[in-house]
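Working notes for the structure below.
The values are calculated or read from the model by the stated rules, or taken from the named source; none is laboratory data. Just so it is clear, the structure is predicted and the values come from calculations on it, not from any experiment. Cβ: placed from backbone, ideal geometry, glycine included. Neighbour counts: every protein chain shown. When the accessible area is computed, the model is the full protein with side chains, heavy atoms only, and any ligands, DNA or RNA have been set aside. Shrake-Rupley method; radii C 1.70, N 1.55, O 1.52, S 1.80 Å.
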Amino acid sequence: MKSVRRILLIILLLLAVVVLAGYLFPRKLVISRKQTIQVAPQYLYDQVCTLQNWEKWSPWHHKDTTLTFQYSEILQGPGAYFTWTSPAHNTFDNGKLILGLCEQNKYVELFVDFGVSTLVAGNFKFDTANAQTVMTCTLQCDFGANPFHRYLGYFLKKALTVDVDKACIALKTLAETEGKHLYEITEVEVPERKFLSLADTASPATVTQKLGTLYGEIMSFMQKRQIRYIGAPLAIYHTNNKTQFELEAAIPVNRSVKPVKNIKYTETPTTKALVLKYFGPYDKMKPAYSQIKQYIINKQLEVSGIHYEEYVTDPILEKDTAKWQTNIYYPLK
C-alpha cells in the first residue's frame, strides 16, 4: 500500500508541476507583421476579402495537399467563410475561417476556429502612403486561465508565426507582380462646390500647355477680385478623341461670383462619384481609365455625368512625375 501511495503522490506532484508550469506561459498570443507594398490598397483588400483569392497566396492552402476546402455561398465580405478538413482528422488539420467586419480598402477582420475551445481572431489593415500601401497582419488569442490551453498557445504560436510570415511575403509578391498596375478606387460623396471655369479645345500634344494658360487666366481674374481658391484645379472633358479635346479648366472658389466675358461661374450640388487615385505623369493615364471603366462595368454602376480630373499635386513644386497625384472622377446616379 505504501508503494502505491508513493506512486500516486509522485503522479499528483508531477501533475501539479505540469499545471503550475502551464501558468508560466503567457495567457495571450499576439502575432503582428507589417509589409510595405508598391500597390494600391484596393488590390490587397480584394485579395483578402474575397476568400477564393486566398488560394493564390495563403500558405494554409498549399502546405498540405490532402486538405479539402469548402466555401460558403457568400464568397466576399462579412459572414463569408471556408472550412478545411483532413483525412487524418488531426487537431488543427480541420477548421474554419470566417470574415467579420470589412471596411472597403482599409480593413478586414477574421476569426479562425481550429476545433478547440479557443478562437483565434485576426485582421488585415491597409494604410496608404503616396503610391504604396502599408499592410499590417495581426493574429491574437486569449487562452484564459486554463494552463493546458496555455501549453497549446506555446506550440500554436510557433506554427502561426511561420504561416503569417509566409502569407505576408506571398501576398506582397503577388501584389507587386499581378496588381502593380492597379489603382485605388472608391465610391465617395462629393460636397456642393462653387467653380470658376474657362472652356477651350486642345490636341493631345497641347492639352497640358492649354490647361496651364486657362488656369492662369482664371487665377488672374480671381486675384483682381480677391477671390480665394479652396481646392485643387479640375479639368472637365466634354469630348475626347484621338485628335482633339473639348475641355473646361475649373478652379473651386470660396464665394459666389458674377461671371465676366468667357469666364463661367457654376455651382454643383452634393453628388455621388467614383474616384480613382492615379500617381504618375499625365501622358500615362490610359491604364487608369481602363481600370475605372472596367470597375463600372463589373459593379454595374450607372454614370450620371461627364468625368473630370482633379490635379492634387502641383508639378511646379514636385518635379518627380511618379509622385504626381491625379484623381479621376465619374459622377454616379
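Within the range 248-289, can you find the residues that are small (Gly, Ala, Ser) and either closer than 27 Å to Asn105 by Cβ or out of contact with any helix residue (DSSP H, G or I) (no Cβ under 7 Å at 6 or more places or on another chain) (or both)? Steps first, answer last, please.
If we filter the range 248-289 for residues that are small (Gly, Ala, Ser), which is where we start, we get 249-250, 256, 273, 280, 288.
Scanning the range 248-289 gives Ala250, Ser256, Ala273, Gly280, Ala288.
Of the residues Pro59, Pro78, which single one is farther than 23 Å from Lys172 by Cβ and either open to solvent by 10 Å² or more (accessible area, probe 1.4 Å) or not aromatic (Phe, Trp, Tyr) (or both)? Explain how you work it out, then say what you get.
Working: Pro59 fails: farther than 23 Å from Lys172 by Cβ.
The conditions single out Pro78.
Name the single residue, out of those in the range 234-259 being closer than 14 Å to His307 by Cα and in contact with a Pro (Cβ under 9 Å, 6 or more places away or on another chain), that is most open to solvent (accessible area, probe 1.4 Å). This residue is Phe245. Evaluate the following for Lys158: is it closer than 30 Å to Thr138 by Cβ and open to solvent by 90 Å² or more (accessible area, probe 1.4 Å)? For Lys158, the condition - closer than 30 Å to Thr138 by Cβ and open to solvent by 90 Å² or more (accessible area, probe 1.4 Å) - is met.
Annotation note: Cβ proximity below 7 Å between a residue of the range 223-252 that is free of Cβ contacts under 8 Å to residues at least 60 places away in the same chain and a residue that is basic (Lys, Arg) and surrounded by 14 or more Cβ atoms within 10 Å (Cβ to Cβ) (sequence gap 6+ or interchain) occurs for Pro252/Arg193; Pro252/Lys194. Just checking, does the range 284-292 include any residue being modelled with pLDDT under 90 and assigned to a loop (DSSP other than H, G, I, E, B)? So far as the range 284-292 goes, yes, one or more of its residues are modelled with pLDDT under 90 and assigned to a loop (DSSP other than H, G, I, E, B).
Residue by residue, here is whether (1) more than 32 Å from the chain's Cα centre (by Cα); (2) among the hydrophobic types (A, V, I, L, M, F, W, C) holds:
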site	(1), (2)
Glu187	no, no
Val190	no, yes
Pro204	yes, no
Gln223	yes, no
Ala250	no, yes
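Of all residue pairs spaced 6 or more apart or on separate chains, none has beta-carbon atoms under 8 Å together with a first member in the range 295-311 that is farther than 18 Å from Thr270 by Cβ and at pLDDT 90 or above and a second member that is open to solvent by 80 Å² or more (accessible area, probe 1.4 Å) and assigned to a strand (DSSP E or B). When you look at Leu198, is it more than 34 Å from the chain's Cα centre (by Cα), in a strand (DSSP E or B), among the aliphatic types (A, V, I, L, M) and under 22 Å from Leu247 (Cα atoms), yes or no? So Leu198 fits the description; yes.
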